[in-house]
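J.: Structure provided below as structure tokens; questions to follow.
The values are calculated or read from the model by the stated rules, or taken from the named source; none is laboratory data. All of these numbers come straight from a predicted model, not from anything done at the bench. Glycine gets a Cβ as well: all are built from the backbone with ideal geometry, and neighbour counts include every protein chain shown. Ligands, DNA and RNA are excluded from the accessible area calculation, which covers all protein heavy atoms including side chains. Shrake-Rupley method; radii C 1.70, N 1.55, O 1.52, S 1.80 Å.
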Amino acid sequence: MIPFLGLQQQHEELLPELLARLTTVLRTATFVGGPELEAFEREFGGFCGSSHCAGVGSGTDALRFVFLALGVGPGDEVITVAQTFVATTEAITQAGGTIRLVDIDPSTHTLDPRQLEAAVTPRTVGVVPVHLYGRPADMDPILDVASRHALWVVEDAAQAHGARYKGRAVGTIGDAGCFSFYPAKNLGACGDAGAVVSADARLIERVRLLRDHGQEAKYVHRVEGYTGRLDAIQAAILRVKLQHLAAWNEMRRRAAAWYDEALEGIAGIEAPLEPDYAKSVFHLYAVQAEDRDGLRMALTAAGIGVGMHYPTPVHLQEAYGHLGHGVGAFPVAERIASRTLSLPMFPALTRAQVAEVVAAVRRFCGAEAAPVSD
Ligand SMILES: *Cc1c(COP(=O)(O)O)cnc(C)c1O
């Protein structure tokens, strides 16, 4: 048995530290706002190299509040990719904007800068590249289009804490970066949590208002807001885990290198690319498989945890039928969705476990390739 995530083992190792911090929070009984939240905001901002950070209730809140803070409203078009987790597009709609999808690049699976310019209309206000799987999108050409059309850029860095683009931390390259601390992410809470980082202090101030009913002081409501706070219990857990994040990301990269080496030369399998410009943090190790569903079933039967990220692109979801895109609208996203398979990936994954996963992949692909007459 090889788990997909290995979170239980991580918590077992951190248990004394986690329990000590939780005990402190329970004793002080400050659960909303307070020193744990403020310390986490400082520390996570510092990790990203960003001067300002606001903790919020989830990654979706982070995106939604940034869009609202940037003034997105009815008729405003926001461009993002057809292949992402649905939170990216939900947040655009919930902020009152209109989703405009573009296809992904076939090798990086992130926003294809060549498709971007053609998608810009007079109503476009911003663009949201997604650093999918922990692999940075190609930001320079995206920023170039954005600056020529006076668009803001918000990075969906929910899967990419600590990833770098040409040496710069993702989340700090555009106008704001949005992070999720959903339990399975590289930095995961024990429940829902998220954060926004930005160099723009006023933008972060607006996010702080929005997350807490628009209150600038108790019962002084400057705007209508939401319940979208990061609570002290989650902040305390995140502070413990944040101290390990850089090391964990390196361990993920090490496991990815083992996979890359072991998967080489297996027909029908493509290992994920790490572009020259990027330092990926391998939130997921997603291969492309010719017979994805066959391989998925074979690995599952062998006791190996796998996932698909994501099997149906946004434009083909029932929820987005109203966008009017049929099959064929975003062919790269559709092809990737039908071939992508995520193998076990977590910091403590061992070389022996990687070898076991790859042996199972090899068995399946070898059997596939054997001529029928044999
Ligand atoms: C996880 C995720 C989100 C949303 O995060 P939640 O904390 O679950 O709201 C947004 N975008 C991407 C790409 C994600 O993977």
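J.: Check off (1) within 16 Å of the ligand (Cβ to nearest atom); (2) open to solvent by less than 10 Å² (accessible area, probe 1.4 Å) for Leu101 and give me the number that stays unchecked.
T.: Leu101 satisfies all of (1) within 16 Å of the ligand (Cβ to nearest atom); (2) open to solvent by less than 10 Å² (accessible area, probe 1.4 Å) except (2).
J.: If I go through region 29-52 residue by residue, how many of them are more than 19 Å from Gly191 (Cβ to Cβ) and either in a loop (DSSP other than H, G, I, E, B) or of a type outside the set (D, E, K, R) (or both)?
T.: Final tally of qualifying residues: 9.
J.: While we're on this one: Look through Ala176, Ala163, Ala199, Ala169 and report the one residue that is in contact (Cβ under 8 Å) with a residue 40 or more places away in the chain, open to solvent by 50 Å² or more (accessible area, probe 1.4 Å) and under 21 Å from Val127 (Cα atoms).
T.: Criteria check complete, one pass: Ala199.
J.: Gly228 - would you say it is in contact with an Asp or Glu (Cβ under 8 Å, 6 or more places away or on another chain), open to solvent by less than 40 Å² (accessible area, probe 1.4 Å) and outside the structural domain of Val81 (by TED's automatic domain parsing)?
T.: Answer is no for this residue.
J.: I've got another one for you. Considering every residue within region 64-80, establish whether at least one is within 18 Å of the chain's Cα centre (by Cα), within 24 Å of Leu187 (Cβ to Cβ) and open to solvent by 10 Å² or more (accessible area, probe 1.4 Å).
T.: For region 64-80, residues within 18 Å of the chain's Cα centre (by Cα), within 24 Å of Leu187 (Cβ to Cβ) and open to solvent by 10 Å² or more (accessible area, probe 1.4 Å): present.
J.: Would you mention how many residues in region 271-298 are touching a residue at least 24 places away in the same chain (Cβ under 8 Å) and touching a strand residue (DSSP E or B) at 6+ places or on another chain (Cβ under 7 Å)?
T.: Looking only at that region, the number is 13.
J.: Identify all residues within region 231-258 that are over 21 Å from the mean Cα position of the chain (by Cα) and open to solvent by less than 30 Å² (accessible area, probe 1.4 Å); write none if there are none.
T.: Result: Ala232, Ala236.
J.: Among Glu216, Glu264, which is open to solvent by 70 Å² or more (accessible area, probe 1.4 Å) and within 30 Å of Ala359 (Cβ to Cβ)?
T.: Matching residue, one of Glu216, Glu264: Glu264.
J.: Turning to a different aspect of this structure: Looking for whichever is within 23 Å of Ala286 (Cα to Cα), at pLDDT 95 or above, within 16 Å of the ligand (Cβ to nearest atom) and not β-branched (Val, Ile, Thr) here; the options are Phe67, Phe4, Phe40. Which one fits?
T.: Only one candidate passes the filter, namely Phe4.
J.: So, one more: Evaluate region 335-351: report whether one residue or more is open to solvent by 40 Å² or more (accessible area, probe 1.4 Å), within 17 Å of the chain's Cα centre (by Cα), more than 19 Å from Asp105 (Cβ to Cβ) and at pLDDT 95 or above.
T.: no
J.: Right, next: Is it true that Pro122 is assigned to a loop (DSSP other than H, G, I, E, B) and within 16 Å of the ligand (Cβ to nearest atom)? I'd like the intermediate steps shown before the answer.
T.: Numbers: assigned to a loop (DSSP other than H, G, I, E, B): yes; within 16 Å of the ligand (Cβ to nearest atom): no.
No: the conditions fail for Pro122.
J.: Exactly one of (1) within 14 Å of the ligand (Cβ to nearest atom); (2) assigned to a loop (DSSP other than H, G, I, E, B); (3) in contact with an Asp or Glu (Cβ under 7 Å, 6 or more places away or on another chain) is unmet by Thr88. Its number?
T.: Going through the list (1) within 14 Å of the ligand (Cβ to nearest atom); (2) assigned to a loop (DSSP other than H, G, I, E, B); (3) in contact with an Asp or Glu (Cβ under 7 Å, 6 or more places away or on another chain), Thr88 breaks only (2).
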